1. With springs connecting C-alpha atoms under 10 Å apart, model the chain as a Gaussian network and identify which of ILE109, ILE120, ILE96 has the largest mean-square fluctuation.
2. Do the alpha carbons of any pairs in LYS139/LYS184; LYS31/LYS144; LYS124/LYS171; LYS124/LYS144 sit beyond 21 Å of each other, and which pairs?
3. What is the packing order of peptides 25-31, 102-108, taking the mean over residues of other C-beta atoms within 10 Å and listing the highest first?
4. Mind checking the angle between helix 114-125 and the chain's longest principal axis? C-alpha axes, 0 to 90 degrees, to the nearest 10.
5. Please give the helix 22-40 orientation as an angle from the longest Cα principal axis of the chain, in degrees from 0 to 90, rounded to the nearest 10.
6. Looking at segment 1-160 only, what percent of DSSP beta bridges run antiparallel? Nearest 5 please.
7. Report, in debye and to the nearest 20, how large the dipole of segment 3-182 comes out about its Cα centre when Lys and Arg carry +1 and Asp and Glu carry -1 on their Cβ.
8. Taking only the Cα atoms of the chain, how large is their convex hull per residue, in Å³?
Amino acid sequence: MSNTDLEHIKQVYAEADLLHSEAEVEAAITKMGEAITADLADQDPVVFSIMNGGLVIGGKLLTEMDFPLEAGYMHATRYRNSTSGHELEWKVRPHIDFKDRVVLIVDDILDEGHTLAEIIDFCKREGAKEVRIAVLVDKVHDRKARPDLKADYVGIYIEDRYIFGYGMDYKGYWRNAPGIYAVKGL
């Protein structure tokens, strides 16, 4: 990355609007964990975090689920570090057998949800008893991939802006931002 590009990345963060502080996000994750525990504690679920965005929320949410579970990850992408979609590309398929089990998919954001919809369909085709979705952020708009695409567990609902932090990125950067930020002007 050139110095000019890196300066742009730094400037985006410096000028971004903080939508939710670290404390607010952590409180939302705790509530999600409580709801998931209440629903799935006796279900022997398999929890799959979706990489790369689900890395932060997946790790934090796992510590809030106080029951036996198996955890793994999947990596399917459509974005390839850009801001617009491409065809779905599987990088890592699940390595835990989930046939006839409840699957909880954990991801950073439900925006339009094309990738998430494909992953849900994959899990159902491969024999999951039930598929549930947990997302840190659900963007409020009417452009979902399917009208029935809804998360079972949502940490925060956010306006339709380009956001980053807590696993969500801006051009591959700022997944590590300590809060949820919106890019100024987007």
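1. ILE96
2. Working: LYS139/LYS184 17 Å; LYS31/LYS144 24 Å; LYS124/LYS171 31 Å; LYS124/LYS144 19 Å.
In this structure, LYS31/LYS144; LYS124/LYS171 exceed 21 Å between Cα atoms.
3. Ranked from most to least packed, the peptides come out as 102-108, 25-31.
4. Approximately 10 degrees, to the nearest ten.
5. For helix 22-40, the angle is close to 10 degrees.
6. 10
7. 480
8. Working: hull volume 21.1 nm³, N = 186.
In the chain, the Cα convex hull volume per residue is 113 Å³.
Here, each number is a calculation from the coordinates, and none is a lab measurement. All of these numbers come straight from a predicted model, not from anything done at the bench. A quick note on method: Cβ atoms are made from the backbone with ideal geometry, for glycine too, and the neighbour counts reach across all protein chains shown.
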